[in-house]
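Notes follow the structure.
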Amino acid sequence: MEVVSPFIQQFSIFVMAIFVGYYVVWSVTPALHTPLMSVTNAISSVIIVGALIAAGAEGSPIAQALGGVAVGLACVNIFGGFAVTSRMLAMYKKKDKK
């Protein structure tokens with residue numbers, strides 16, 4: 001039995017996670033998007049920790065670069081999630097009568 005490179009193994013998991021995430025997000029009904037955004041923000045915090053470990057560890061430069069990219073994409077997801085959640089909560093506030 002041949003030994004698979006750890007990079008290929010981790011990269012294949014990353015690609016599968018992309019497809020699973022894509023199909024999970026697009027199959028959710030619109031009423032559940034806000035709770036889903038909250039969950040994705042929590043997951044993104046875990047991704048940030050893993051990406052920082054990957055980017056800061058002494059390893060291959062490709063792993064460090066992918067860790068840096070993961071940090072950037074997770075930051076976009078976190079701040080975008082907060083922006084969308086804030087905008088949706090503003091929609092439910094009562095407006096002042098003039």
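The values are calculated or read from the model by the stated rules, or taken from the named source; none is laboratory data. Here the structure is a predicted model, which means the values were calculated and not measured. Calculation scope for accessible area: heavy atoms of the full protein, side chains included, ligands and nucleic acids excluded. Shrake-Rupley method; radii C 1.70, N 1.55, O 1.52, S 1.80 Å.
So the values come out like this:
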| read-out | value |
| --- | --- |
| Per residue value of the accessible surface for the chain (all protein chains in place, 1.4 Å probe), Å² | 84 |
| Full-extension gain in nm, Phe14 to Cys75, via 0.36 nm per residue minus C-alpha separation | 20.2 nm |
| Apportionment of accessible area to carbon and sulfur, the chain, percent (1.4 Å) | 74 |
